[in-house]
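No value in this document is a laboratory result; all are computed from the given coordinates. Predicted model only: the values in this text are computed from it and were never measured. Neighbour counts run over all protein chains shown; Cβ positions are idealised from the backbone, glycine included.
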Amino acid sequence: IAALQEVVEEIRELKREKNAVILSHFYMSPELQVHHKDGGIADFVGDSLGLSVAAKSVEADNIIFCGVKFMAETAKILNPAKQVLLPSFEAGCSLAESITGADVRKLKAQYPGVPVVAYINTYAETKAEADICCTSRNAMDIARSFDSDKLIFLPDLFMGRNLQTRIKAETGKELILWEGKCEVHEQFTPQRINGLKLMYPEAQVLVHWEVPDDTVADALTGAGGVVGSTSDILRFVGESKSRQFILGSECDLGATLRGMYPEKEFIVPCIKCPHMKQITIQRTLEALRAIGTESERLYTVDLAEDIRQSALLPIERMLAFS
Ligand code: 13P
Ligand code: SF4
């Protein structure tokens, strides 16, 4: 703990010296989620929508992004005058990697005039081809807002199917889907969740939109629960009278939930996102140390200006919506 404390102290000092802030996702390891005012290093901890909103209003010259590459890119798109640093470019995402801008152009040629909703878990060149972006928090409201009876929703197949079930029942809209999958959430199969429900019949189930659609139906029967975004899950637990929950999302969200609700019990099958876990406190320290030196470019998010501008429009439409 003393060694960790030393790293935390050096990061806090370097943030002041280099005029930097740290934005951190709820899937980061716990030490990257502790807020600065509580003796930690994060200036803001949030889900992907919260982080996008926070990135827009940062005043410091440097943003260290403790999240994955598509999130750091979004921060850069929204705030081009700032330097955005990602502590490891190994922090990818199976969803973002499943689709390219060229794939979207082909889809648009195949379904002319059908609006394209791109999940925020895409790279800038993919976003650049979309009409609007969404996160798991606002996807349903955004899909609902279009007049068109068809929408292209990409790239998450399971999230698309989960949205389709709700939107079709409500509005009759049809979603055209892509085959992308989150390599973490696809592992929350009905067998995995149902086995835990047998063992803990009183527990409510918390699943992210990205889990398979056949899991969702099973998850919500019995003691009930929620399908939603990371923030929906956090809010649901705060409002629920239940004392026991099964988590169907990234392992370290379990630590976040235990920290926020110490009186409640969380059953967490520990599946970690290998991309998120590329971001460690040591690499965060190294990125901060690099600011203003030769090696800074190893961490800096760089986007071609035309791509950045094209990707900005769908993100701004989403933010105006939220
Ligand atoms: P949120 O939009 O809930 O933060 O989700 C991010 C993510 O990567 C989900 O797997
Ligand atoms: Fe991508 Fe899934 Fe990891 Fe989120 S949890 S970054 S969607 S692979």
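Cross-link check: pairs LYS18/LYS277; LYS108/LYS168; LYS76/LYS272; LYS69/LYS108; LYS15/LYS264 evaluated at a Cα-Cα cut-off of 28 Å; pairs beyond the cut-off: LYS15/LYS264. The mean sequence separation of alpha-carbon pairs under 8 Å and at least six residues apart, normalised by the residue count of segment 130-256, gives a relative contact order of 25 percent.
Could you tell me the ratio Rg/Rh of segment 60-195? Both radii from Cα atoms, Rh via Kirkwood. Could you put the intermediate results ahead of the total?
Working: Rg = 16.1 Å, Rh = 16.0 Å.
Rg/Rh: 1.00.
If the viscosity is 0.692 mPa s and the temperature 37 °C, what translational diffusion coefficient in µm²/s does Stokes-Einstein give for segment 1-103 when Rh comes from Kirkwood over Cα pairs? Reported coefficient: 231 µm²/s.
Only beta bridges with both residues in the chain are counted; by DSSP, about 5 percent of them are antiparallel.
Beyond 31 Å, the tail of the calculated P(r) for the chain holds 32 percent of the Cα pairs. With the simple model of a label 7 Å out from the Cα in the direction of the Cβ, HIS36 to GLU9 spans 1.9 nm.
Which loop trypsin sites (Lys or Arg not before Pro) in segment 236-322, with loop taken from DSSP, have no more than 16 other Cβ atoms within 10 angstrom of their Cβ? Write down the numbers at each step before the final one.
On the way: sites: LYS241, ARG243, ARG258, LYS264, LYS272, LYS277, ARG283, ARG289, ARG297, ARG308, ARG317; in loops: LYS241, ARG243, LYS264, LYS272.
Passing both the DSSP loop test and the Cβ count: LYS241, ARG243, LYS264, LYS272.
Hey, how many Å between the Cα centroid of segment 304-322 and the Cα centroid of segment 116-166? What the calculation gives is 14 Å, centre to centre. Over all other residues within a Cβ to Cβ distance under 15 Å of VAL184, the charged ones net out to -4, with Lys and Arg as +1 and Asp and Glu as -1. Sparse packing (at most 13 other Cβ atoms within 10 Å of the Cβ) combined with a DSSP loop state is found for the following GluC sites (Glu not before Pro) in segment 59-142: GLU59.
Which chymotrypsin sites (Phe, Trp or Tyr not before Pro) from segment 59-144 combine a DSSP loop assignment with at most 14 other Cβ atoms within 10 Å? Intermediate values should be presented prior to the final figure.
Working: sites: PHE65, PHE70, PHE89, TYR119, TYR123; in loops: PHE89, TYR123.
The qualifying sites are PHE89.
Dimensions of segment 185-267 from C-alpha coordinates, computed as largest minus smallest value along each principal axis and given longest first, are 30, 23, 18 Å.
With an 8 Å Cα cut-off and a minimum separation of 6 or more residues, compute the relative contact order for the chain in percent.
Numbers: 625 pairs, mean separation 67.3, N = 322.
Relative contact order of the chain: 21 percent.
Shown for the chain: cysteine residues without a partner Cβ closer than 4.7 Å, namely CYS66, CYS93, CYS133, CYS134, CYS182, CYS273. Each Cα pair under 8 Å and six or more residues apart adds its sequence gap; the mean of these over the residue count of segment 185-267 is a relative contact order of 32 percent. Each of VAL21, VAL216, ILE99 was scored by the projection of its Cα onto the charge dipole of the chain, and the greatest displacement toward the positive side belongs to VAL216; charges sit on the C-beta of Lys, Arg, Asp and Glu.
When the Kirkwood radius is taken over all Cα pairs of segment 243-322, what Stokes-Einstein diffusion coefficient follows at 20 °C and 1.002 mPa s, in µm²/s? All intermediate terms of the calculation are to be shown ahead of the outcome.
Values: Rh = 16.6 Å.
Roughly 129 µm²/s, to the nearest whole number.
Taking other Cβ atoms within 10 Å as a rough exposure proxy, ASP156, ASP131 sort from fewest to most as ASP131, ASP156.
To the nearest 20 debye, what charge dipole does segment 96-177 have about its Cα centre, counting +1 at the Cβ of each Lys and Arg and -1 at the Cβ of each Asp and Glu?
Values: 11 positive and 11 negative charges, 29 e Å.
The calculated dipole for segment 96-177 is roughly 140 debye.
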